[in-house]
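**Student:** Have a look at this one before I ask anything.
The values are calculated or read from the model by the stated rules, or taken from the named source; none is laboratory data. Just so it is clear, the model here is predicted, and its values are computed rather than measured. So basically every Cβ, Gly included, is an ideal-geometry build from the backbone, and we count neighbours across all protein chains shown.
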Amino acid sequence: MGNVPHPDSGRQDDTQDQEKAGDEAGVGQLYKPTPRECALLVLHLIHAKEQERGKQLLRLRIAEISLKRLWGRRRISPEFVEEVAEWLSGAGVTLFFAE
């Protein structure tokens, strides 16, 4: 009985090994949010601006460079914007590019 390992003792070692493997694989890589997550980020930004102003926003102009930073992307494809716009439409927000 003295040599029987505790049932949880191996789990910590497995978890540490997985963390090390994840650290090595993720070095230098930034997470790119999905279109759904990008829509949520925009909604959060809108909510924060509304809280700051104390009233509801009817329009909000966001520069493309700001969206690139917010969404963690160097380039934003029209297809990606379309997917984000689809998620935002479900929340009653319309997204479009104005030049």
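One line per residue, one yes/no per condition, for (1) in contact with an Asp or Glu (Cβ under 9 Å, 6 or more places away or on another chain); (2) at pLDDT below 95; (3) surrounded by 10 or more Cβ atoms within 10 Å (Cβ to Cβ):
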position	(1), (2), (3)
D13	no, yes, no
Q18	no, yes, yes
Q29	no, yes, no
K32	no, yes, yes
A39	yes, no, yes
V42	no, no, yes
E50	no, no, yes
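**Student:** Tally up the residues in region 65-78 that are exposed (fewer than 13 other Cβ atoms within 10 Å of the Cβ) and within 19 Å of Y31 (Cα to Cα), please.
**Tutor:** Here the count works out to 6.
**Student:** Just give me the residues in region 55-99 being closer than 19 Å to P33 by Cα, of a type in the set (G, A, S) and outside any helix (DSSP H, G or I), in sequence order.
**Tutor:** A63, G72, S77, G90, A91 - these are the residues of region 55-99 that are closer than 19 Å to P33 by Cα, of a type in the set (G, A, S) and outside any helix (DSSP H, G or I).
**Student:** Can E37 be described as part of a helix (DSSP H, G or I), among the acidic types (D, E), within 17 Å of T94 (Cβ to Cβ) and free of Cβ contacts under 8 Å to residues at least 60 places away in the same chain?
**Tutor:** Judged against the criteria, E37 is not a match.
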